[in-house]
Structure formats: C-alpha cells, structure tokens
Amino acid sequence: MVPELAGRAHLQQIIPVTDAALKKAAITLQEIDAIAFTQSPGLIGALLVGASFAKSLSLALNKPLIAVHHMQAHVLANLIPAERPEFPFLCLTVSGGHTQIVKCNGPQQMEVIGETIDDAAGEAFDKTAKLLGLPYPGGPLIDRYAKEGNPQAFQFPEPQIPGLNFSFSGLKTAILYFLQNAGKSTVYKEIFTATEKEKKDFINHHLADICASVQHRIVSILLNKLKKAADQTGINQICIAGGVSANSGLRNAFTAMGIKNGWRTFIPPFEYCTDNAGMIAITAYYKYIAKDFADLDVVPSARSSWNIKN
Ligand code: KG4
Ligand code: ZN
C-alpha cells in the first residue's frame, strides 16, 4: 500500500461514497443525528481526509462530531446483529495491523489483556502469501487454497510466548527457510539446498497443502491463547473480529472450540469483519448515547494504544 496514493484515493472517493451511502439508506444529511469518523489508528493521509470531511459536515449541519477508535469499532461489530453477546465478553481482534484479546465490560469499557509482540495475524497471512508469490492482500487467497489442502501436510512451529501475548515472526522465518529448502526442512539456519526453480516447482505442486498447514498453525496460535484467556477470566461469551475473522479456517475452528468448551460464540457477518463503515457507526451509536462527543480541534493519529475504561 502506498500511503500517499491511499490519501489521494480517499479524497477522490469520499464524496461519491457518501452520496451513494445516503442514496442506499434513503435518507438525507439533515436526518442524520451525528457525524462519526475514524480517529486512529491507520494511514495518516487517509485519516486526515476522513477527519477533515467529518468536521466540515459537522460544522455545516450543526450536528455533533464523534471520534472513533478503529480497534474498538472492530470489537463492537459484534453488536450489529440481533443475536449479540452480553457484557462481559472477550474478543479476539485479528486484523492486518493488530492481534489482540480484549476484555469488554461495556461498549466503552475495554481492556487489552493480550496482544502480539511482533507481527499481526493478518501480516502473517500476507507475508506468507508474498513468499508464495501471491498478490496482496494474501489472506483471502491462502484461505481459498487451504480449502483444497491437508492441514497436517507440513508442521510449522508454535511459539512459546508467556501469558496471553502472541508472536508470529518466528513462523514467518520458519516458512521462509522451509521454502528455501523446497520443503526438505523447517530447521532454522539449515543450509539452503534448493535452486530457485526447485523452490518454484515445490510451491506449484504443494500450494494447497502449504496454505492449509500455515493457516492451521496461525489458527492454533490464536485459539490456544483465546482458550487460555477464557480459562483465566472465567468469561464464556467470546467473539472474534477484524479482517482475519473472515478466514473460514478460523471461523470453523473457533465455532468447534466454543461447542467443546461450552462457550457462546459470536462472529460478525462476513461484511462486518474486514474494514467497514458499519462498525464505525455502531461504535458512534454507543458514544452518542454516552454523549461522548469530540471537539472540532480533534486530530487523527496514525498510532495509538488503547484501553477504554470510562
Ligand atoms: O481489519 P482489516 O480489513 O484491515 C485492518 O484493519 O488491517 O484486516 C485486513 C487483514 C489483511 O491482512 C488480510 O489479508 C486479512 O485481514 N484477511 C484475511 C481474510 N480476509 C482478510 N486473512 C485470512 N483469511 C481471510 N479470509
Ligand atoms: Zn481493520
């Protein structure tokens, strides 16, 4: 992703997208109660376009302005469907930039109790896809190929990280060495024996099995920590959210784990898993009820840690 191009694209798209949304919802701007926008985290160019546009609308229409945190919104996407979790619940939030276990005591009371110490789960998918020569974002493609493959074909290591934190960088290295050895070994720093052609042929012949095995390991890393969090907190209403929660392997294994452990499990509808405006709107709804409005001098930020305990 090229940050400057993303910012420009936002500028080009924001008015047509707003018009299309109003048309689809069959409402006018005057009927809207408040204007919400994503304050952080994200690409700063894109965030600035959204924030400036939202501020202008808020000022012109004389409607309150609501600043939303992207990761809080991913979690609250679980409150969009009629069948929704009750507080307190746990949420495994897995996206291209984040991997977190969040304890939610209320829509505005959230605590991150575990997170990745290096790569996010989505990055693990995308970086693996890149090593396999697949285009960005690779997560959905790995998901598709994995359906045809054997998840036990190749064994990738599960990192031993204490507590509820995650790590995915070791897995990425293991996959890199595995491919450079054309599948002969996953041992770290093994002498690379394969030629470029052998490597390509190996990938071509085993693509589905490699994808299934990598996906299997990413899912087991995520769910083993989620199980640990459920045991530690005694909370048995559990959600997943974020772009990686669109992954069919994760959705199936999570549902099965819920049945096995007697959890009530929740997964947002597919369209509310990857980035979407619905999750920003549902978060804004709860902030509106709490009268949690932003001032016109609010600024977006590319990075921000968050624990919301109002
Ligand atoms: O939440 P999201 O749409 O954007 C961020 O906030 O980052 O998540 C994007 C991430 C990407 O890494 C993408 O590869 C991954 O979600 N993703 C998937 C699937 N669909 C999207 N990963 C695995 N399987 C999928 N089906
Ligand atoms: Zn996201």
**Q.** Residue with peak Gaussian network fluctuation, the chain [Cα springs, cutoff 10 Å], from Lys227, Lys55, Lys63
**A.** Lys63
Q: Any cysteines in the chain with zero other Cys Cβ atoms under 4.7 Å from their Cβ? List them, or say none.
A: Cys104, Cys211, Cys273
Q | Accessible area (Å², per residue) of the range 14-91, counting only protein heavy atoms and a probe of 1.4 Å | A | 47 Å²
Q: Filter the cross-link list Lys103/Lys225; Lys23/Lys291; Lys130/Lys200; Lys103/Lys228; Lys225/Lys287 down to pairs whose alpha-carbon distance in this structure exceeds 20 Å.
A: Lys23/Lys291; Lys225/Lys287
Q) Taking 0.36 nm per intervening residue step and subtracting the Cα-Cα distance, what contour gain separates Arg303 from Tyr136 on full extension? A) 57.9 nm
Q: Could you check how many percent of all C-alpha pairs in the range 85-267 are farther apart than 23 Å?
A: 41 percent
Q | Distance in nm between pseudo-label sites at Lys197 and Ala277 (7 Å out along the Cβ direction from Cα) | A | 5.3 nm
**Q.** Among Leu223, Leu132, Leu22, residue whose mean-square fluctuation peaks in a GNM of the chain (springs only between Cα atoms under 10 Å)
**A.** Leu22
**Q.** Peptides 119-126, 193-200 ordered by average Cβ neighbours within 10 Å, highest first
**A.** 119-126, 193-200
Q) Between Glu83 and Ile32, what FRET efficiency comes out of the Förster formula 1/(1 + (r/R0)^6) with R0 = 35 Å and r the beta carbon distance, rounded to 0.05? A) 0.85
Q: Give the relative contact order (percent, whole number) for the range 85-267; include only Cα pairs under 8 Å separated by 6+ residues.
A: 28 percent
Q. For the pair Lys291 and Ala256, what calculated FRET efficiency results from E = 1/(1 + (r/R0)^6), where r is the Cβ-Cβ distance and R0 = 41 Å, to the nearest 0.05?
A. 0.45
Q.
Tell me the angle of helix 121-131 to the major Cα principal axis of the chain, expressed in degrees between 0 and 90 and rounded to the nearest ten.
A. 50 degrees
Q) What is the distance, in nm, between label points placed 7 Å from the Cα along the Cα-to-Cβ direction at Ala153 and at Leu11? A) 4.6 nm
Q.
Between Phe270 and Leu176, what is the label-point separation in nm under the 7 Å Cα-to-beta-carbon projection?
A. 3.4 nm
Q: Please give the helix 196-233 orientation as an angle from the longest Cα principal axis of the chain, in degrees from 0 to 90, rounded to the nearest 10.
A: 60 degrees
Q: Would you calculate, for the chain, the mean residue ellipticity at 222 nm contributed by helices, counting each DSSP H stretch of 4 or more residues as -39,500 (n - 2.57) and dividing by all residues, to the nearest 500?
A: -15500 deg cm²/dmol
Q. Helix 248-261 versus the longest principal axis of the chain: what angle, 0 to 90°, nearest 10, using Cα atoms?
A. 90 degrees
(Q) Going by Cα centres, the range 132-151 and the range 19-40 are how many Å apart? (A) 36 Å
Q) Percent relative contact order of the chain, based on C-alpha pairs within less than 8 angstrom and at least six residues apart? A) 26 percent
Q. Cα-based Rg (one decimal) and Dmax (whole number) for the chain, in Å?
A. 21.0, 67
Q: Heavy atoms only, probe 1.4 Å: what % of the accessible area of the chain goes to carbon and sulfur, would you let me know?
A: 56 percent
Q: Return the single residue from Ser56, Ser213, Ser169 with maximal mean-square fluctuation; model: Gaussian network over the chain, springs between Cα atoms under 10 Å.
A: Ser56
Q: List, largest first, the extents of the alpha carbons of the range 30-99 along their principal axes, each in whole Å.
A: 39, 29, 16
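The values are calculated or read from the model by the stated rules, or taken from the named source; none is laboratory data. Please read these numbers as outputs of a predicted model, since none were measured by experiment. Every residue, glycine as well, gets a Cβ built from its backbone with ideal geometry; the counts of neighbours run over all protein chains shown. The area values use the complete protein model at the heavy-atom level, side chains included, leaving out ligands, DNA and RNA. Shrake-Rupley method; radii C 1.70, N 1.55, O 1.52, S 1.80 Å.
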